[in-house]
1. Six or more apart or on different chains, Cβ under 8 Å: which pairs go from a residue in the stretch 243-271 that's β-branched (Val, Ile, Thr) to one that's more than 16 Å from ligand 3 (Cβ to nearest atom) and not in a helix (DSSP H, G or I)? Could you list them?
2. Kindly indicate whether any position in the stretch 10-21 is assigned to a strand (DSSP E or B), surrounded by 15 or more Cβ atoms within 10 Å (Cβ to Cβ), in contact (Cβ under 8 Å) with a residue 24 or more places away in the chain and within 16 Å of ligand 3 (Cβ to nearest atom).
3. When Gln48 is evaluated against the numbered criteria (1) away from ligand 3 (no atom under 16 Å from the Cβ); (2) not in a helix (DSSP H, G or I), which criterion, by number, is the only one it fails?
4. When only residues in the stretch 51-85 that are part of a strand (DSSP E or B) and within 16 Å of ligand 2 (Cβ to nearest atom) count, which is farthest from Ile299 (Cα to Cα)?
5. Within the stretch 55-66, can one find any residue that is open to solvent by 20 Å² or more (accessible area, probe 1.4 Å), touching a residue at least 12 places away in the same chain (Cβ under 8 Å) and within 16 Å of ligand 3 (Cβ to nearest atom)?
6. Scan the stretch 128-154 residue by residue and report those that are modelled with pLDDT under 80 and open to solvent by 70 Å² or more (accessible area, probe 1.4 Å).
7. Can you tell me which condition Thr215 does not meet? The list is (1) surrounded by 21 or more Cβ atoms within 10 Å (Cβ to Cβ); (2) touching a Leu at 6+ places or on another chain (Cβ under 9 Å); (3) assigned to a loop (DSSP other than H, G, I, E, B), and all the others hold.
8. Only residues that are part of a helix (DSSP H, G or I) and open to solvent by 10 Å² or more (accessible area, probe 1.4 Å): list them for the stretch 243-265, please.
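The values are calculated or read from the model by the stated rules, or taken from the named source; none is laboratory data. As the structure is a computational prediction, the values presented were derived from the model and not from experiment. Because the Cβ atoms are built from the backbone with ideal geometry, glycine has one as well, and the counts that use them run over all protein chains shown. These area figures cover heavy atoms from the full protein model, side chains too; ligands, DNA and RNA do not enter into them. Shrake-Rupley method; radii C 1.70, N 1.55, O 1.52, S 1.80 Å.
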Amino acid sequence: MSLVTTKKMFENALNSDYAVGAFNVNNMEIIQGIVEAAQEEKAPLILQVSAGARKYAKPAYLIKLVEAAILDTGLDIALHLDHGEDFDICKKCVDDGFTSVMIDGSKHPFEENIKLTKEVVEYAHSKGVSVEAELGKLAGIEDNINVDARNATFTVPEEAAEFVAKTGVDSLAVAIGTSHGAYKFKGEPYLDFERLKEIHSLIPDTPLVLHGASTVLPEFVKKCNEFGGDIPGAQGVPEDMIRTATKYGVCKVNIDTDLRLAMTAEIRKHFVEHPADFDPRKYLGPARDAIKGMVQHKIRNVLNASNKR
Ligand code: G3H
Ligand code: 13P
Ligand code: ZN
């Protein structure tokens, strides 16, 4: 039981039909809900921390909470920096004991992204830490646009192969139509699976990562809206699309929005049904249980990662 890198997890997941869940964490209840689910499901687990999470909770608290989770559950957990925007934040996390970092150079031109990613890879690898990079832009897109427009946004397979060869990165986040948040598609959900297959065929040994992979469970959207929320038209990636992605090299599936929705739905419900409560444990406890249930559902039915530890 310890902090582990993603190396073994991805080796096992690469030529299989399951993926490792990478869940964003911001506080104790979120961490506890996720790890309890992973423990019961005997699933491999990545907990990831964004720059926003570091700012909100402070780095030391998050690291110590993850260490506490390992102590409490006996799980091996990978601790990953999500969307590191420059060398400095990646270096800080490597030095703090993270076992994996993401350098997100996707906003830079191709050559600059290569240069930045290479720099992070050199430093992280010298400390035994894995690196994820991103190529392409994560944005929802209409399904009837032409190939040129898609190439301008989505990951170009030949570029992915060149990028991995030149940077030595351990895993690659690809843009195939997913996007962050609760409003992923205007019309019918669409992911470019032909592109994903091509990328996977060109770099079959590179684990691929799917960001923006929350399914936005209707149950939680409905509950939020029923109990005073206002999130109409929320739509995520259908569960069967995530299952399909795991067959073509996707080893890591990023989930944040679904955690936020599960937690918020339960807290909203609690406040409406128990207006006299003001002990945070009364509403954070059920919120933690909701996260656990959602993550268990995800591990079993979407990631197919039960008993893969
Ligand atoms: O990719 C974005 C994640 O959902 C993290 O979000 O930057 O608000 O913590 P955040
Ligand atoms: P969601 O917004 O779909 O949960 O995506 C989270 C993510 O990609 C974190 O990096
Ligand atoms: Zn992301």
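1. Within 8 Å, the pairs are Thr246/Ser16; Thr246/Asp17; Thr246/Tyr18; Thr246/Leu303; Thr246/Asn304; Val253/Leu303; Thr264/Gly229.
2. yes
3. Going through the list (1) away from ligand 3 (no atom under 16 Å from the Cβ); (2) not in a helix (DSSP H, G or I), Gln48 breaks only (1).
4. Looking at the filtered set, the residue picked out is Gly84.
5. no
6. Glu142, Asp143, Asn144, Asn146, Val147, Asp148
7. (2)
8. Of everything in the stretch 243-265, those that are part of a helix (DSSP H, G or I) and open to solvent by 10 Å² or more (accessible area, probe 1.4 Å) turn out to be Arg243, Thr244, Lys247, Tyr248, Thr257, Arg260, Leu261, Met263, Thr264.
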